[in-house]
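The values are calculated or read from the model by the stated rules, or taken from the named source; none is laboratory data. A quick note: this is a predicted structure, and the numbers were derived from the prediction, not measured. Don't worry about glycine lacking a Cβ; one is built from the backbone with ideal geometry, like all the others, and counts go over all protein chains shown.
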Amino acid sequence: MFRRLQFILLRFLLFFTVLSVVWVFILKFLPVWVTPYMLSRKVEALVDGEDSELFHDWEPYENISKEVALAVVASEDQNFPKHWGFDFNQIYNAVKEKRKRARGASTISQQVAKNVFLWHGRSLVRKGLEAYFTILIELIWDKERILEVYLNVAEMGKMTFGVEAASLRYYNKSAKKLSRHEAARIAAVLPNPIRFSIKNPSAYVNKRTNQIVRQMRYLGGQKYIDEL
């Protein structure tokens, strides 16, 4: 019985590995139109009796202002062009800090792995799968593709996914035409896009926007991400 269980487990692991690699490889080329997180947000809205309409409009990387790409890197993951999916210095600092609420240390690659392939949660199983998919996308995709997917699937306003949908809803223009300050404000709400607003920014969002603009300048502007 034990050997049979081992055989079944090995077959399952082999099937999962092959399926996940093929899945990641396919999404290297195809737009990501929907994610598990989008579906979960829609279900939550339906259960709560709220408006469940999702706003999402995929745009290729070349049709998105590089100011937005730079803004999210400056805000979320400044070592993105250099690391291989995990920023171990940030992880160490987050663990070392004694705060009631732990500081996030997820890279853009980890956030893409979580949003595109997994459910949201805090279990060890999910964290393990997040690490696995992070390694896969770093191996199979290039940095530009990872950033392109992030800019298209991250929630940037309530029920609003991707920078194109956010730009159209809150700035009435395409994401390709966003200014540096507008891009920085979008990045400023990413920690909590349900609580923070692009259209009606709080004092915190305005302060954070200015900080991100300074970081974008400090990184050297768009040339920082030119060779992703």
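When you check Tyr224 against the structure, is it in a helix (DSSP H, G or I) and closer than 22 Å to Glu155 by Cβ, yes or no?
Answer is no for this residue.
Any residue at all in segment 183-194 that is hydrophobic (A, V, I, L, M, F, W, C), at pLDDT below 95, more than 13 Å from the chain's Cα centre (by Cα) and in the same structural domain as Thr35 (by TED's automatic domain parsing)?
Yes, that holds for at least one residue.
Among (1) assigned by TED's automatic domain parsing to the domain that holds Leu178; (2) among the aromatic types (Phe, Trp, Tyr); (3) out of contact with any strand residue (DSSP E or B) (no Cβ under 7 Å at 6 or more places or on another chain), there is one condition Phe55 misses while meeting the rest; what is its number?
Here Phe55 clears every test but (3).
Given Phe25, Phe7, Phe12, which one is outside the structural domain of Asn210 (by TED's automatic domain parsing), within 19 Å of Lys143 (Cβ to Cβ), of a type outside the set (Lys, Arg) and surrounded by 10 or more Cβ atoms within 10 Å (Cβ to Cβ)?
On the way: Phe7 fails: within 19 Å of Lys143 (Cβ to Cβ); Phe12 fails: within 19 Å of Lys143 (Cβ to Cβ).
Result: Phe25 is the single residue among Phe25, Phe7, Phe12 that is outside the structural domain of Asn210 (by TED's automatic domain parsing), within 19 Å of Lys143 (Cβ to Cβ), of a type outside the set (Lys, Arg) and surrounded by 10 or more Cβ atoms within 10 Å (Cβ to Cβ).
Just give me the residues in segment 188-205 being surrounded by fewer than 15 Cβ atoms within 10 Å (Cβ to Cβ) and either outside any helix (DSSP H, G or I) or among the aromatic types (Phe, Trp, Tyr) (or both), in sequence order.
The first filter runs over segment 188-205 and keeps only residues surrounded by fewer than 15 Cβ atoms within 10 Å (Cβ to Cβ), leaving 191-192, 194-195, 199-200, 202-204.
Scanning segment 188-205 gives Pro191, Asn192, Ile194, Arg195, Lys199, Asn200, Ser202, Tyr204.
Taking the stated definitions as given, is Ala74 closer than 26 Å to Arg169 by Cα, of a type outside the set (Val, Ile, Thr), at pLDDT 95 or above and not assigned by TED's automatic domain parsing to the domain that holds Phe16? Talk me through it step by step, then tell me what you get.
Details: closer than 26 Å to Arg169 by Cα: yes; of a type outside the set (Val, Ile, Thr): yes; at pLDDT 95 or above: yes; not assigned by TED's automatic domain parsing to the domain that holds Phe16: yes.
Yes; evaluated as a whole, the condition is true for this residue.
In segment 1-56, what residues are closer than 25 Å to Gly162 by Cβ, hydrophobic (A, V, I, L, M, F, W, C) and touching a residue at least 40 places away in the same chain (Cβ under 8 Å)?
Trp23, Val24, Phe25, Leu27, Val32, Met38, Ala45, Leu54, Phe55
Looking for whichever is under 28 Å from Asn210 (Cβ atoms) and charged (D, E, K, R) here; the options are Glu44, Glu59. Which one fits?
Working: Glu44 fails: under 28 Å from Asn210 (Cβ atoms).
Result of the check over Glu44, Glu59: Glu59.
Going by what's in this entry, would Asn115 be described as modelled with pLDDT under 95 and touching a Ser or Thr at 6+ places or on another chain (Cβ under 6 Å)? Step through it out loud before you land on a result.
Values: modelled with pLDDT under 95: yes; touching a Ser or Thr at 6+ places or on another chain (Cβ under 6 Å): yes.
Against the criterion (modelled with pLDDT under 95 and touching a Ser or Thr at 6+ places or on another chain (Cβ under 6 Å)), Asn115 qualifies.
Being more than 27 Å from Ala45 (Cα to Cα) and crowded, with 16+ Cβ neighbours inside 10 Å is true for just one of Arg208, Arg185. Which residue is that? Even if it seems obvious, please write down each step before you answer.
Working: Arg185 fails: more than 27 Å from Ala45 (Cα to Cα).
When all the criteria are applied, what remains is Arg208.
Test Ala166 against the stated conditions and say whether it is small (Gly, Ala, Ser), touching a Leu at 6+ places or on another chain (Cβ under 9 Å) and either over 13 Å from Ser109 (Cα atoms) or surrounded by 23 or more Cβ atoms within 10 Å (Cβ to Cβ) (or both). Write out each step before concluding.
Values: small (Gly, Ala, Ser): yes; touching a Leu at 6+ places or on another chain (Cβ under 9 Å): no; either over 13 Å from Ser109 (Cα atoms) or surrounded by 23 or more Cβ atoms within 10 Å (Cβ to Cβ) (or both): yes.
In short, no.
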